[in-house]
Amino acid sequence: MTRHVLIIGATGGAGNAFMNVCIARGWQVTALTRRPVGERPHVPSVTWYEGDALLSADVLGAAAGVDAIFHGANPPGYRNWAATAPVMLANSIAGARAAGARLLFPGNIYNFGPDAFPVLQEGAVQNPVSRKGVVRRDMEQMIHDAAADGLKAIILRAGDFFAPHAPGSWLSGAMVRPGHVPRSVRHPGYPGVGHAWVYLPDLAETAARLLEAEADLDPIESLHMAGHWFDDGADFARATARVAGLGEDRVKGFPWWIMRTGAVFVPLFRELAEMRYLWQTPIRLDNARLQSLIGAEPHTPLDNALRESLIGLGCLSEAAKPAMSGQAASAASTPAAT
């Protein structure tokens, strides 16, 4: 069935991946953007609606006639999160209500404290221990409150994300340097501690399949993706090194002490330091309800996903792709993600 979707944040990581999936399905796509005509991505099959997610009238105008709204917006430069992110979400909620559309909100695990781990159940109590986690918890509560008053919504949660176009990920922000061929790969976790990752095109495909399962959905669904799970989170860093043509000896620890020391002076360091607890304990996401709706999750093979991500981040050349495919295929001794 052809659908008409509005994407808020189409130039961000999750929004861009979802836009590509919708185009491949032949859906009608409208994307809200602040960018003037000459600065927009050239995607002929997308209708670009000029407006600002912070302005309710703009979102309402863009939402007219749509079946679903994908809310992947983040504050410009990730600044002033607590003041701006809830406003943008409130505008998307209002747009979805006005259009009778289903809201789809990509969630994360910041909302939860250690009491919810090591297996994060769908519907677990949210006791965040970071400032950003409090904001995310309150935003999800906004969705639940609106659902009690008639809104249809999906919260689709996953672990840490990576993709060719994902500027705010741990992979691009802490493990490798975008635009540079890696000489080493940093691993933020601790030895033997499990970790979950999700490839954004897989999350986008999952979101689309959920919208296609509308007849089976409850008015509000809070769902988890298992993604790529590693019993030892360092295996993700080792796989990244391998795909980049490096040996496992090039996987290095993460300098958390610098984050702690510099947190007073550098806001980014403070944000990273607050997230450290998510690397200190295994956090596996239970996806039972999700699988009951769509079956097995979309699951791009890890090496393929990492290769595309490193190429997109400018850490691996497109010309190296065939050679790396052969090298990765021969790495039979590397643990497989599930």
* Going through the stretch 278-296 one residue at a time, which ones are of a type in the set (A, V, I, L, M, F, W, C) and surrounded by fewer than 16 Cβ atoms within 10 Å (Cβ to Cβ)? -> A288, A296
* Structure fact -> N16 fails exactly one of (1) under 22 Å from the mean Cα position of the chain (by Cα); (2) in a loop (DSSP other than H, G, I, E, B); (3) among the polar types (S, T, N, Q), namely (2)
* To do: Scan the stretch 202-218 and give yes if some residue there is of a type in the set (S, T, Y) and more than 13 Å from the chain's Cα centre (by Cα), otherwise no.
  => no
* Asked: Restricting the search to the stretch 102-111, which residues are crowded, with 22+ Cβ neighbours inside 10 Å and either part of a helix (DSSP H, G or I) or polar (S, T, N, Q) (or both)?
  -> N111
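Yes or no, residue by residue, for (1) more than 16 Å from M88 (Cα to Cα); (2) in contact with a Ser or Thr (Cβ under 9 Å, 6 or more places away or on another chain); (3) surrounded by 12 or more Cβ atoms within 10 Å (Cβ to Cβ); (4) free of Cβ contacts under 8 Å to residues at least 40 places away in the same chain:
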{"position": "L6", "(1), (2), (3), (4)": "no, yes, yes, no"}
{"position": "G9", "(1), (2), (3), (4)": "no, no, yes, no"}
{"position": "R25", "(1), (2), (3), (4)": "yes, yes, yes, no"}
{"position": "P36", "(1), (2), (3), (4)": "yes, no, no, yes"}
{"position": "R40", "(1), (2), (3), (4)": "yes, yes, yes, yes"}
{"position": "W48", "(1), (2), (3), (4)": "yes, yes, yes, yes"}
* Residue list for the stretch 171-186, filter: surrounded by fewer than 23 Cβ atoms within 10 Å (Cβ to Cβ) and either of a type in the set (F, W, Y) or in a strand (DSSP E or B) (or both) -> R186
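From F105, F112, which residue is touching a Pro at 6+ places or on another chain (Cβ under 7 Å), in contact (Cβ under 8 Å) with a residue 12 or more places away in the chain and among the aromatic types (F, W, Y)?
On the way: F105 fails: touching a Pro at 6+ places or on another chain (Cβ under 7 Å).
The unique qualifying residue is F112.
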* Asked: Has the stretch 129-151 got at least one residue that is in a loop (DSSP other than H, G, I, E, B), crowded, with 22+ Cβ neighbours inside 10 Å and in contact with a Gly (Cβ under 7 Å, 6 or more places away or on another chain)?
  -> no
* Being free of Cβ contacts under 8 Å to residues at least 40 places away in the same chain and in contact with a Phe, Trp or Tyr (Cβ under 9 Å, 6 or more places away or on another chain), is that true of even one residue in the stretch 67-80? -> yes
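Do you know which of the residues in the stretch 31-87 that are of a type in the set (S, T, N, Q) and assigned to a helix (DSSP H, G or I) is modelled with the highest pLDDT?
Going through the stretch 31-87, the residues of a type in the set (S, T, N, Q) turn out to be 33, 45, 47, 56, 74, 80, 84.
Applying the additional criterion that residues be assigned to a helix (DSSP H, G or I) yields 56, 84.
Numbers: S56: 97, T84: 92.
Among those residues, the one meeting the criterion is S56.
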* Asked: Got a number for residues in the stretch 50-66 being in contact (Cβ under 8 Å) with a residue 24 or more places away in the chain, among the small types (G, A, S) and either farther than 17 Å from P36 by Cα or surrounded by fewer than 16 Cβ atoms within 10 Å (Cβ to Cβ) (or both)?
  -> 4
* Asked: Any chance the stretch 89-101 includes a residue that's under 20 Å from the mean Cα position of the chain (by Cα) and either among the basic types (K, R) or not in a helix (DSSP H, G or I) (or both)?
  -> no
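Restricting the stretch 120-141 to residues that are among the β-branched types (V, I, T) and over 19 Å from the mean Cα position of the chain (by Cα), which is modelled with the highest pLDDT? Even if it seems obvious, please write down each step before you answer.
If we filter the stretch 120-141 for residues that are among the β-branched types (V, I, T), which is where we start, we get 125, 129, 134-135.
So of that shortlist, the ones also over 19 Å from the mean Cα position of the chain (by Cα) come out as 125, 129.
Numbers: V125: 95, V129: 92.
Selected residue: V125.
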* Asked: Of all residues in the stretch 163-195 being under 12 Å from the mean Cα position of the chain (by Cα) and of a type in the set (G, A, S), which is modelled with the highest pLDDT?
  -> A163
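The values are calculated or read from the model by the stated rules, or taken from the named source; none is laboratory data. Note that this is a predicted model, so its numbers are computed, not measured. Glycine also receives a Cβ, built like all others from the backbone with ideal geometry; neighbour counts cover every protein chain displayed.
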